[in-house]
Amino acid sequence: MDALLKVKDLNAGYEFTNFKTWAVRNVSFELNKGEFLGIAGESGCGKSTLAFGVIRLLMPPGKIFSGSIEFNDIDLMKIDDESLRKMRWKEFSMVFQASMNVLNPVLKVRTQIYNSIKYHVNMTESELEKRAKELLNLVNVSSKYLDAYPHQLSGGMKQRVVIAMALALNPKLVIMDEPTTALDVVVQRRILQEIDELRRQLGFAIIFITHDLSLLVEISDSLAIMYAGQIIEKAPSEKLYAKPLHPYTYGLMHSFPPLVGKRQKLHGIAGRPPDLSSDIKGCPFYPRCEKRINGVCDIENPKLVEIESEHFVACHLYDGK
Amino acid sequence: MNYVKLFFKNRKSAIGVIIFLSFVVIAIFAPWIAPYSPNSMAFTPLQGPSWKHWLGTTAVGQDILSQVIWGTRLSLMVGLITGGIATAISVIMGLTSGYLGGITDDILMTITNIFLVIPGLPLIIIISAFIVVKGVWTIIFVISLTGWAWGARTLRSQVLTLKNRDYVKASVVTGESSAHIIFSDIFPNMLSLVVANFFGAAVYAVLSEAGLEFLGLGDSSAISWGTILYWAQNNQALLFGLWEWAAVPGLLIALLGMSFALMNFAVDELTNPRLRKR
Amino acid sequence: MKYILKRVIFFLITLWAALTINFILPRMMPGNPAEVMIAKFQGRLNPQAISALEIAFGINTHESMLAQYWDYLGRMATGNFGISVSFYPTAVAQVLAQAVPWTLGLAGISTVIAFILGTLLGIRVSWKRNSASSSFAVPIAFFLNSMPYFWFALIVEYVFAFVFGWFPLGGAYSSSSGLSGLALVWSVLYHAILPAATIIITAMGGWMLTMRNNMISVLSDDYITFAFAQGLPEKEIEMNYAARNAILPSFTGFAMAIGFVISGVLLTEIVFSYPGVGYLLYQAVLNIDYPLMQAIFLFITVAVLVANFIADIVYVFLDPRARSGGE
């Protein structure tokens, strides 16, 4: 298959005057055209940093320390600001957390949709209007809201408008950073289904960031689990769901109520993730792991290796040590 | 918290603290630093700067440098005391209004907004003009009275956010007294804002005091930077080419004001994560 | 609309408060200071004027405080501010009317210029936060902002009017008679340059620092990052996304800021002997002319209230959230 995005050895984090955090540590992965990749992990595991990082959208103090990001064979780390600006939205767009105030409070929805289009393609006023209506239609928002201000929309509607904007230029990749988190469960599910339908219809790829694994298992093609800035397991969704290999993945899956089947007692994972501003020796999950191997796991950080076809895991339980 | 440490590491506050401390040292050791008595009229009047009188002499033959050094005391004192009183009023108004809410809040906030809108200096001028007995305490009183409103407003909104924090709600549920909640749950958490406010009020006080004395509404026999400027202006120092007489005290007022402003900004920067240097 | 109505009510309450302060102050002071004033002008005022003053300040009266207050409000409502003792026998209203245009012209124009320049500078330095010019501009703004305005005025006057002689030392227009038409306009502008420059430079620092802080705060808002994600041009983000939002608190904090500016204007006028309200206030203070002082205080309060009211209207215009009722 064709890879759309190739991320290699990405290190990113936040640089303050007196300290630095490495929120993303040596992350490598590939994303195919039209693929739906879910990235899951607890809050603070670096998944949002990764999401912003791969499209070079980390705002200071956020920073990419090293690594390469290739989008459609263009190295995003090497291109100049203006070319990057032109690629944005046209090639890849992003939907932020619904809780965030992503829409400019002082501009009408119309202006904001127009802006997202008109700086990339030449369109007349009436073409813009036609496209804006089309987009709102796509996400089931009445076009009468074109002249509304963001504060006049409900949370769900705002998020739909943002999704509509993200699709305005038919990008090849849409990154979604917990796009439904702040919404209520019913709206969450509905929006998610709509997103998936749109993807099938329009054929863009999605990187979907969430802390709620249960949200993704049904619709994403593949899943990556992040812990302490690293991808510790990645596999096609069914595989990962049926047979989680990493003890952390296993724990994560059992800390959410299952979607199907009997309700069982939840057991969360004891302990806290490590501090990302310090160096971590050995496996970052070592202190919390129930299956740790003393003398191995606390010494060497396992690499992400392909155990079965397309099933990657970073754990000493599987690398024969 | 390590805010105190950060406060001294921050470049803005470090500069502010250094300027401020220099003035404190000058104020404390004024009798030893000043070459002459500030009131002594033993010298030839209206001299320009010389080795004997670095800043020259006044129209009645006083040494200006000595006056400037002694003047530090009064200017600094008025700034600190007025800043303190104004902040105290802000805290009381802000806490009461924010914590009690309801009609008390409405009334106190209306009063605050009125004081905010009524222009400070003209009000100070008119009050001082009616007060027959002029003196430092009159000035402190008048400036405090007009300088608390902005602080009260910012502190109130801080109280409103703190009131909704879990630990405060918990105290309410467990039936702690209002006084306990205000002083041990809310107040400690707004200390930085109170400190920032103090510095802000101190800037206001230093500048207002100078303005008031310059207009002759202070006690013109006391020695402060403001009164030195007043006498300089009254004797047309600048037109006689004695520019040091007016330039130096004004510069010092600006420096003192700036040191307070820098410390104010630094506290703001340290406690408001958005303003923190990236 | 509800928002505007609330502002109108507040406007009226504040006006009433200012009127009441004027009424209470002289009556509250031990040894009514107005009596001292009347005694001082005894020989120069006619009996009618004296009794009018006595009524105004509650001396030798058998009326109750409330009745006095009621009378007083009536007089204020009809614009009867009494007679100026230092400009005897001219009415206070008349004296004031001559000074007002000068102040409105000088203060109005320079405040608007200072606001625009300061705000633009604030936008620039926060957008280019790490540039050399920013690290240069911010400390200077700090210094300008902590300067006693009148002192800066003195220095400006000394350097540019006295030492270099480029500008007149004071006044509002050339005293040589027979100036008319363009020559007069030119003379007025020429005299206004130094005081205006003083006000602009000192007030600008404050606006700049305010705008810079607002901008920095807004720059970490999500809609800014989102705007970058959309690949909008920097200029568009800087102005229509960041500055457009950052300017809003400048309007809500206008009340305090304008107070500072007014103080600056008053003192600047005094230094430059500019025949506006500030200079008049100074003369009133020197001559203990209480009726004139009170009228000036009222006028300044009303002027500030009006300025605030305009700021409120502009704010409503700029912030759609205020327009639809909520705050």
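The values are calculated or read from the model by the stated rules, or taken from the named source; none is laboratory data. Everything numeric here is computed off the predicted structure, so don't read it as measured data. For neighbour counting, all protein chains shown are included, and Cβ atoms are generated from backbone atoms with ideal geometry for every residue, glycine included. With ligands, DNA and RNA removed, areas are computed over all heavy atoms of the protein, side chains included. Shrake-Rupley method; radii C 1.70, N 1.55, O 1.52, S 1.80 Å.
Some observations on this one:
- Listed residue pairs exceeding 32 Å between alpha carbons, taken from A:63/A:118; A:47/A:281; A:158/A:281; A:6/A:239; A:6/A:108: A:158/A:281; A:6/A:108
- Whole-Å distance, taken between Cα centres, linking region C:263-319 and region A:69-116: 49
- Close amide H pairs (under 5 Å, H built 1.01 Å from N) link residue A:305 with A:313, A:314, A:315, residues at least 5 positions away or on another chain.
- Here the Karplus curve 6.51 cos²θ - 1.76 cosθ + 1.60, taken at θ = phi - 60°, turns the phi angles of region C:217-222 into couplings of 5, 5, 4, 8, 6, 5 Hz, with x standing for Gly and Pro.
- Here each label is just a point 7 Å from Cα along the line to Cβ, and for residue A:281 and residue C:88 those points are 9.4 nm apart.
- B versus C: buried accessible surface, summed, Å² (probe 1.4 Å, to nearest 100): 4900
- DSSP beta bridge pairing in chain A, given as percent antiparallel to the nearest 5: 60
- Distance from region C:1-66 to region B:134-206 (C-alpha centre basis), Å: 34
- Using a 1.4 angstrom probe on protein heavy atoms only, the contact between C and A buries about 2200 square angstrom of accessible area, both sides summed.
- Sites residue B:44 and residue C:159, calculated FRET efficiency, Cβ-Cβ separation with R0 22 Å, nearest 0.05: 0.25
- The Cα atoms of the protein assembly as shown cover 110, 65, 64 Å along the three principal axes, with the biggest extent listed first.
- Distance between the modelled labels on residue C:36 and residue A:59, one decimal in nanometres: 5.8 nm (7 Å Cα→Cβ projection).
- In the context of the full set of protein chains, chain B has a per residue accessible area of 42 Å² (1.4 Å probe).
- Rounded, prolate or oblate (a/c below 1.5 giving rounded, otherwise prolate when a/b exceeds b/c) for region C:156-233 by Cα gyration tensor: prolate
- For region A:100-170, the convex hull drawn through the C-alpha positions has a volume of 81 cubic angstrom per residue.
- Comparing A:226, A:253, A:176 in a Gaussian network model of chain A where C-alpha atoms under 10 Å apart are linked, the largest mean-square fluctuation is found at A:253.
- Taking the accessible area of region C:233-319, probe 1.4 Å, and keeping the other protein chains in place, the carbon and sulfur fraction comes to 72%.
- Compactness ratio for chain C: Cα radius of gyration over 2.2 N^0.38 Å (N = residue count) comes to 1.19.
- Springs join every pair of Cα atoms under 10 Å in this Gaussian network model of chain A, and among A:38, A:156, A:229 the largest mean-square fluctuation is at A:156.
- Proximity of backbone amide H atoms, modeled 1.01 Å from N, is registered between residue A:16 and A:21 at under 5 Å, excluding neighbours fewer than 5 places apart on the same chain.
- Where N is the number of residues in chain A, Cα Rg divided by 2.2 N^0.38 Å: 1.03
- Residue order for A:25, C:244 - accessible surface, 1.4 angstrom probe, largest first: C:244, A:25
- Solvent-accessible surface of protein heavy atoms, probed at 1.4 angstrom with all chains present, puts B:208, A:126, C:273 in the order A:126, C:273, B:208, largest first.
- Chain B: most fluctuating residue of B:58, B:227, B:174 per GNM, C-alpha cutoff 10 Å: B:174
- Inter-label distance for residue B:157 and residue C:193, nm, one decimal - labels placed 7 Å from Cα along Cα-to-Cβ: 4.1
- Solvent-accessible surface of region C:181-245, averaged per residue with a 1.4 angstrom probe and all protein chains in place: 31 square angstrom.
- Solvent-accessible area per residue, Å², over region A:100-170 with all protein chains present [probe radius 1.4 Å]: 42
- Taking each DSSP H run with n ≥ 4 as -39500 (n - 2.57) and averaging over every residue of the protein assembly as shown yields -17500 deg cm²/dmol at 222 nm.
- When the solvent-accessible area of region A:100-170 is split by element, carbon and sulfur atoms take up 45 percent of it, the probe being 1.4 Å.
- Carbon-plus-sulfur accessible fraction, chain B (probe radius 1.4 Å, protein heavy atoms only): 68%.
- Rolled with a 1.4 Å probe across the full set of protein chains, the surface gives residue A:306 an accessible area near 100 Å².
- Centre separation in Å (Cα based) which lies between region C:135-196 and region C:199-256: 30
- Sites residue A:80 and residue A:16, calculated FRET efficiency, Cβ-Cβ separation with R0 30 Å, nearest 0.05: 0.65
- Under 15 Å, Cβ to Cβ, from residue B:54 - net charge with Lys/Arg +1 and Asp/Glu -1: -1
- Quotient of Cα Rg and 2.2 N^0.38 Å for chain B, N being how many residues it contains: 1.16
- A straight Cα-to-Cα reach below 24 Å connects residue B:134 with the lysines C:40, residues fewer than 8 places away in its own chain not being considered.
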